[in-house]
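Contents: one structure, followed by commentary.
The values are calculated or read from the model by the stated rules, or taken from the named source; none is laboratory data. What you see is a predicted model, and the numbers here were worked out from it, not measured in a lab. Positions of Cβ are generated from backbone atoms using ideal geometry, with glycine treated the same way; all protein chains shown enter the neighbour counts. With ligands, DNA and RNA removed, areas are computed over all heavy atoms of the protein, side chains included. Shrake-Rupley method; radii C 1.70, N 1.55, O 1.52, S 1.80 Å.
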Amino acid sequence: MAQPLTIEDLRILAKRRVPRMFYDYADSGAWTEGTYRANETDFAGIKLRQRVAVDMTNRTLTSTMVGQPVAMPVALAPTGLTGMQHADGEILAARAASKAGVPFTLSTMSICSLEDIANHVGKPFWFQLYVMKDRDFIARLIQRAKGAGVTALVLTLDLQILGQRHKDIRNGLSAPPKPTIANLINLVTKPRWCLGMLDTPRRSFGNIVGHAKGVGDLSSLSSWTAEQFDPALSWDDVKWIKDLWGGKLILKGILDPEDAEMAAKSGADALIVSNHGGRQLDGALSSIAALPAIVEQVGGRMEILFDGGIRSGQDVIKALALGAHGTFIGRAFLYGLGAMGEEGVTRCLDIIRKELDITMALCGLRDVRDVDGRILVGGKG
Ligand SMILES: Cc1cc2nc3c(=O)[nH]c(=O)nc-3n(C[C@H](O)[C@H](O)[C@H](O)COP(=O)(O)O)c2cc1C
């Protein structure tokens, strides 16, 4: 392919270069994938107002997310198994994010560990936490995050029980993977990926193996993760984690105004309107459809962040116009990573930055912090 110009170009390249079981793991949603698709398609129904003959010089995209300066209001979302899209994937993505001046969020279920990112990137990053039944492990993980210089904790609330993705089952994606014959044959067609993997020691869940009681290798990890996600997670646990952490806290996975109300009362700094990229409750609203009611419910009491379906700068600006203060991208950067490693994540961020900048200008604005409902057809400021 000539140089990738869109996130879709990066997706096509990633599909060519990443083994099928890991590409499918990223590019899929729960059950019928209806919510996964709606996350993207619902953006298309929102129309921007084109403005002319307004001064568009000296534009700026700089903003803040949870009080921290960002070069544009776009962060990399936490994604599990990122080091399987490309060898050392989390380190490469964190480097690209740091060069672009945007936050990188490491998942609990990452391949590279908290310490790997701290040692190999050397810039502050964010960490996403899943609450496991083993609360000692969680307490130690929070301490490790502090030791690694993490500047915001993202607590995910929408995955205490796993939504099912059919492709993962068909592909034998588990820990350790039990790939089908077809997937083993597929590996042979991805020499670049295989060489990268042979060259790195990081091929397991770096935050967990060797740290959780009874998890020393991949086979013990499998049973540990299966039973560790805690379906009893409650708002009391949110308070426990808030006190233990003591720093900036972001609650991820809010899709309903009643839960947004609980989040606002919890004292956390921000919430992320998210349906986990359509990977959990199939049949739920798309994130962009859910956003306005949550913004209204919260009424400025905490920062509202957003993810789900963002594939362009136009999508970013639409989320901002509907009241998000900042956004996260998941698959968009994973496609870049799978396609071209660190350079691909940089390319993804460049594409989104350029689209955001030009779109903002054509909507008649010069400062991303001024984006509001007035740029939407039928919207209010
Ligand atoms: C492959 C993949 C793995 C993910 N793993 C996690 C995770 O470990 N923790 C988490 O909070 N969210 C996880 N998510 C959800 C993302 O953080 C984010 O909510 C979602 O990707 C946003 O939608 P988008 O991919 O359409 O941008 C994952 C998403 C994907 C695509």
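For the stretch 281-309, the set of residues classified as buried (at least 24 other Cβ atoms within 10 Å of the Cβ), in contact (Cβ under 8 Å) with a residue 40 or more places away in the chain and within 14 Å of the ligand (Cβ to nearest atom) consists of Ser287, Ile288, Leu305, Asp307, Gly308, Gly309, listed by residue number. Look at Val188 and say whether it is of a type in the set (Val, Ile, Thr) and in contact with a strand residue (DSSP E or B) (Cβ under 6 Å, 6 or more places away or on another chain). Considered against the rule, which asks whether it is of a type in the set (Val, Ile, Thr) and in contact with a strand residue (DSSP E or B) (Cβ under 6 Å, 6 or more places away or on another chain), Val188 comes out as no. The numbered conditions (1) open to solvent by less than 10 Å² (accessible area, probe 1.4 Å); (2) within 16 Å of the ligand (Cβ to nearest atom); (3) more than 16 Å from Gln68 (Cβ to Cβ) are all true for Ile91 except (2).
When the stretch 69-84 is filtered for residues that are open to solvent by 10 Å² or more (accessible area, probe 1.4 Å) and within 16 Å of the ligand (Cβ to nearest atom), the ones remaining, listed by number, are Pro78, Thr79, Gly80, Leu81, Met84. Residues in the stretch 165-212 that are open to solvent by 50 Å² or more (accessible area, probe 1.4 Å) and at positive phi: Gly210 alone.
Which helices (runs of 4 or more DSSP H) sit wholly inside the stretch 97-212 and have at least 1 residues that are within 13 Å of the ligand (Cβ to nearest atom) and farther than 22 Å from Thr64 by Cα? Please lay out each step first, then the result.
Working: elements: 114-121, 135-147, 166-171, 181-188, 191-198.
By residue number, 166-171.
Is there a residue being within 14 Å of the ligand (Cβ to nearest atom) and not in a helix (DSSP H, G or I) anywhere in the stretch 53-68? Looking through the stretch 53-68, none of the residues is within 14 Å of the ligand (Cβ to nearest atom) and not in a helix (DSSP H, G or I).
Checking Gly300, Gly323, Gly309 one by one, the residue that is in contact with an Asp or Glu (Cβ under 6 Å, 6 or more places away or on another chain) and not in a helix (DSSP H, G or I) is Gly309 and no other.
Please specify each residue of the stretch 32-52 satisfying the condition of being among the basic types (Lys, Arg) and either away from the ligand (no atom under 16 Å from the Cβ) or part of a loop (DSSP other than H, G, I, E, B) (or both).
Lys47, Arg49, Arg51
Can you work out which of the residues in the stretch 258-276 that are assigned to a helix (DSSP H, G or I) and surrounded by fewer than 24 Cβ atoms within 10 Å (Cβ to Cβ) is nearest to the ligand (Cβ to nearest atom)? Checked the stretch 258-276; the qualifying residue nearest to the ligand (Cβ to nearest atom) is Asp259.
Every residue, every condition in (1) within 30 Å of Lys190 (Cβ to Cβ); (2) at pLDDT 95 or above; (3) in a helix (DSSP H, G or I); (4) in contact with a Gly (Cβ under 9 Å, 6 or more places away or on another chain), yes or no:
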position: Pro292; (1), (2), (3), (4): no, yes, yes, yes
position: Thr327; (1), (2), (3), (4): no, yes, no, no
position: Phe333; (1), (2), (3), (4): yes, yes, yes, yes
position: Val345; (1), (2), (3), (4): yes, yes, yes, yes
